[in-house]
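Q: Pasting in a structure now, in structure tokens, and then I'll have a few things to ask.
The values are calculated or read from the model by the stated rules, or taken from the named source; none is laboratory data. None of the values given here were measured: they were computed from a predicted structure. In this analysis, Cβ positions are derived from the backbone assuming ideal geometry, glycine residues included, and neighbour counts consider all displayed protein chains. All accessible areas refer to the heavy atoms of the entire protein, side chains included, with ligands and DNA or RNA removed. Shrake-Rupley method; radii C 1.70, N 1.55, O 1.52, S 1.80 Å.
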Amino acid sequence: MGFSSDIMHDFLAKEIKNLYSSFDGWKCTPRETGTGYDTLMVLERRNGGHRECVKILVTFSRTVPSPLPEELTRADANTEGTPIRFSYAIMVPANADTTAVPAGVRIYTMRSFTFEGKELTWVKKPVRKTEDAPAKVPA
């Protein structure tokens, strides 16, 4: 039996991999938050003898949940005895309301999804213009 996930989360995983590349040692683990499509992405790597951990709350809501979930702002316990560098951020669709986000919290904007008015829409790549498929149909 194969693995199945939501297409929205597939696009989200691509965007996060563009920010935190596995080439740089980042390993991404999704965790469900229990609130609809909201997901907590946990990124970890070892860098220079330190363990780095970044938690990103991904929400497809028009407004960011306030207050932020405790699981996002709480650092995980480190059982290895090495120092940990912890940070957290929020990823929202373009044109989302981020006024409730506390100062100092990093905000990433999705390129794949945006709000047009009150509706969440998927931003598609533009169609390439070729000789076989011209951009405009002649009148």
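Q: For T82, which of the numbered conditions (1) in a loop (DSSP other than H, G, I, E, B); (2) surrounded by 14 or more Cβ atoms within 10 Å (Cβ to Cβ); (3) among the β-branched types (V, I, T) fails to hold?
A: In the conditions (1) in a loop (DSSP other than H, G, I, E, B); (2) surrounded by 14 or more Cβ atoms within 10 Å (Cβ to Cβ); (3) among the β-branched types (V, I, T), T82 misses (2) alone.
Q: Against the definition (out of contact with any helix residue (DSSP H, G or I) (no Cβ under 8 Å at 6 or more places or on another chain), without any contact (Cβ under 8 Å) to a residue 40 or more places away in the chain and farther than 22 Å from H9 by Cβ), how does I84 come out, yes or no?
A: yes
Q: Moving on. Criterion first (exposed (fewer than 13 other Cβ atoms within 10 Å of the Cβ) and among the aliphatic types (A, V, I, L, M)) does A13 satisfy it?
A: no
Q: Take I16 and decide whether it is touching a residue at least 60 places away in the same chain (Cβ under 8 Å) and at negative phi.
A: Criteria met by I16.
Q: Here's something else I'd like to know. Which condition number does Y37 fail, the rest of (1) open to solvent by less than 70 Å² (accessible area, probe 1.4 Å); (2) touching a residue at least 24 places away in the same chain (Cβ under 8 Å) being met?
A: Going through (1) open to solvent by less than 70 Å² (accessible area, probe 1.4 Å); (2) touching a residue at least 24 places away in the same chain (Cβ under 8 Å) one by one, Y37 breaks only (1).
Q: Among the candidates L57, L68, single out the residue that is out of contact with any helix residue (DSSP H, G or I) (no Cβ under 6 Å at 6 or more places or on another chain) and open to solvent by less than 60 Å² (accessible area, probe 1.4 Å).
A: Answer to the check: L68.
Q: Scan segment 16-71 residue by residue and report those that are over 19 Å from A100 (Cα atoms), small (G, A, S) and modelled with pLDDT of 85 or more.
A: Hits for segment 16-71 are S21, S22, G25.
Q: With respect to the numbered conditions (1) hydroxyl-bearing (S, T, Y); (2) exposed (fewer than 15 other Cβ atoms within 10 Å of the Cβ); (3) at pLDDT below 85; (4) closer than 30 Å to K124 by Cα, which one is the sole condition not fulfilled by T99?
A: (3)
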